[in-house]
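Everything below concerns the one structure shown next.
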Amino acid sequence: MTTKQRAYLKSLAMTMDPILQIGKSSMTPSLTEAVSEALNARELIKINVLQNCSDDPKKLAEIIAERTHSQVVQVIGKKIVLYKEGKDDKKKIMLP
């Protein structure tokens, strides 16, 4: 992903609300499955890491991206933005 593409995705993510939350149970198989389904449906998602989660958001982002075959767009504070390119016939986001 180029810096121009990343900047474009960041601008799209600014107006989004988080659709998933990571709590004290941290990474679970059901969370990974939910993230994967959300990425397939939306391509770009924002995740909120709650205060009671003791794990580092950057490490969580890397783990989730690896498990869901997606890319980390950014991690700011306790917010994670992930992107996964959609299939050719279902693409919603056209990268510059």
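Mind listing whichever residues of the stretch 71-89 are more than 20 Å from THR15 (Cα to Cα) and surrounded by 14 or more Cβ atoms within 10 Å (Cβ to Cβ)? Let's see the steps before the verdict.
Our first condition is that a residue be more than 20 Å from THR15 (Cα to Cα); within the stretch 71-89, this holds for 86-89.
Scanning the stretch 71-89 gives a single hit, GLY86.
Taking only the stretch 9-34 into account, find how many residues are of a type outside the set (Lys, Arg) and within 13 Å of GLN71 (Cβ to Cβ). Give the derivation first.
Step one: filter the stretch 9-34 for residues of a type outside the set (Lys, Arg), giving 9, 11-23, 25-34.
Going one step further and asking which of them are within 13 Å of GLN71 (Cβ to Cβ), we end up with 9, 13.
Residues that pass the stated criteria total 2.
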Among the residues of the stretch 13-56, write down those that are on the phi > 0 side of the Ramachandran plot and of a type in the set (D, E, K, R).
GLU43
Checked the stretch 1-47 for anything touching a residue at least 60 places away in the same chain (Cβ under 8 Å), in a helix (DSSP H, G or I), open to solvent by 40 Å² or more (accessible area, probe 1.4 Å) and under 17 Å from ILE76 (Cβ atoms); matches are ARG6, TYR8, LYS10, LEU12
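For the stretch 48-70, enumerate the residues that are touching a helix residue (DSSP H, G or I) at 6+ places or on another chain (Cβ under 7 Å) and crowded, with 16+ Cβ neighbours inside 10 Å. It would help to see each step written out before you state the result.
The first filter runs over the stretch 48-70 and keeps only residues touching a helix residue (DSSP H, G or I) at 6+ places or on another chain (Cβ under 7 Å), leaving 49, 64, 67-68, 70.
Once the filter is applied, which keeps residues that are touching a helix residue (DSSP H, G or I) at 6+ places or on another chain (Cβ under 7 Å) and crowded, with 16+ Cβ neighbours inside 10 Å, the stretch 48-70 yields VAL49, ILE64, THR68, SER70.
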Can you pull out the residues in the stretch 35-70 that are within 15 Å of LEU9 (Cβ to Cβ) and within 8 Å of the chain's Cα centre (by Cα)?
LEU39, LEU44, ILE45, LYS46, ILE47, ALA61, ALA65, SER70
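The values are calculated or read from the model by the stated rules, or taken from the named source; none is laboratory data. In this text the structure is predicted, and so the values were computed from the model without any measurement. Every residue, glycine among them, receives a Cβ derived from its backbone with ideal geometry; neighbour counts consider all protein chains shown. Note: areas computed on protein heavy atoms with side chains; ligands, DNA, RNA excluded. Shrake-Rupley method; radii C 1.70, N 1.55, O 1.52, S 1.80 Å.
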